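Here, each number is a calculation from the coordinates, and none is a lab measurement. Predicted model only: the values in this text are computed from it and were never measured. Heads up, the Cβs are rebuilt from the backbone with ideal geometry, glycines too, and the neighbour counts pull from every protein chain shown.
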Amino acid sequence: MSGNPDRIGAGAERRLLDVYDRLFRRFGSQRWWPGDGPFETIVGAILTQAAAWTNVEKALANLKSAGVLSPEGVASTPEEELASLLRPSGYYNAKARKLKAFVELLQRQFGGDLDRMLGCPAEVLREQLLSTYGIGPETADSILLYAAGRPVFVIDAYTRRIFSRLGVEPERDSYDGWQKMFECSLPAESRLFNEYHALIVRLGKEHCRKEPECGACPLFQICPTGEHSRGLDPIRSGQVSLMNR
């Protein structure tokens, strides 16, 4: 492959948008990210690490009930008490430290002004987030996309699994490689990236699991893995990898 190694060749946009269209027709708009305002969205992005969203919701409800779901509330709550409120989300001691670290960044770099933080240039804010305890690329990009509304494509385990099974992969199997594959092949629109990632998560939870349930999958007809699940040869049946279409 020549040119950008993170692009998947001619027609990449058409292929990725075809997947998007199939998912949207099946599932409709996901209205993500669930959260009442940008700070709750950020807290949710941090808490959802290694946790089911239903458990994150319980932790968020605890923070709301205690009246501390705000930068000031997190900053003023003792870490041990904060951890107790976060218990439903798992790894609650570490997550309490992560929330404290985020609020310290907000105060130190932006004077506690969340709007100022979210208005910062995306590349600058991403670097600062990544330098903060407990915030990795997926969490940083979730904050940029869902709280700041920036056209940054979030890569997670569902994305890698689904598109690997479809035969749509970057040459470099890294977070940046996957991200650039999408960002170089799709219009840079935050609404599109938002909806696409939410649809990927929906598909990963309902169909494209570790043990896939291919029969009712909206991508079944274009997925080599789906064809194999029926015992068919994807070449003979006319279904080939999207990489070669």
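Residues in the stretch 68-79: is at least one surrounded by 15 or more Cβ atoms within 10 Å (Cβ to Cβ), assigned to a loop (DSSP other than H, G, I, E, B) and free of Cβ contacts under 8 Å to residues at least 12 places away in the same chain? Even if it seems obvious, please write down each step before you answer.
Taking the stretch 68-79 and keeping what is surrounded by 15 or more Cβ atoms within 10 Å (Cβ to Cβ), we get 68-71, 73-75, 77.
In the following step, the residues that additionally are assigned to a loop (DSSP other than H, G, I, E, B) were identified as 68-70, 77.
Still in the list and also free of Cβ contacts under 8 Å to residues at least 12 places away in the same chain: 77.
Yes, the stretch 68-79 has at least one match.
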First in the stretch 88-99 and touching a residue at least 12 places away in the same chain (Cβ under 8 Å), second anywhere and assigned to a loop (DSSP other than H, G, I, E, B) and small (Gly, Ala, Ser), Cβ under 7 Å, 6 or more apart: 89/51; 90/50; 90/51; 91/50; 94/134; 97/134; 98/134
Count of residues meeting criterion [touching a residue at least 24 places away in the same chain (Cβ under 8 Å) and surrounded by 12 or more Cβ atoms within 10 Å (Cβ to Cβ)] in the stretch 183-218: 23
Number of the condition not met by residue 210 [criteria: (1) part of a loop (DSSP other than H, G, I, E, B); (2) within 18 Å of residue 22 (Cβ to Cβ)]: (2)
Odd one out for residue 150 among (1) in a helix (DSSP H, G or I); (2) closer than 17 Å to residue 45 by Cα: (1)
The stretch 116-136, subset in contact (Cβ under 8 Å) with a residue 40 or more places away in the chain and not small (Gly, Ala, Ser), residue surrounded by the fewest Cβ atoms within 10 Å (Cβ to Cβ): 118
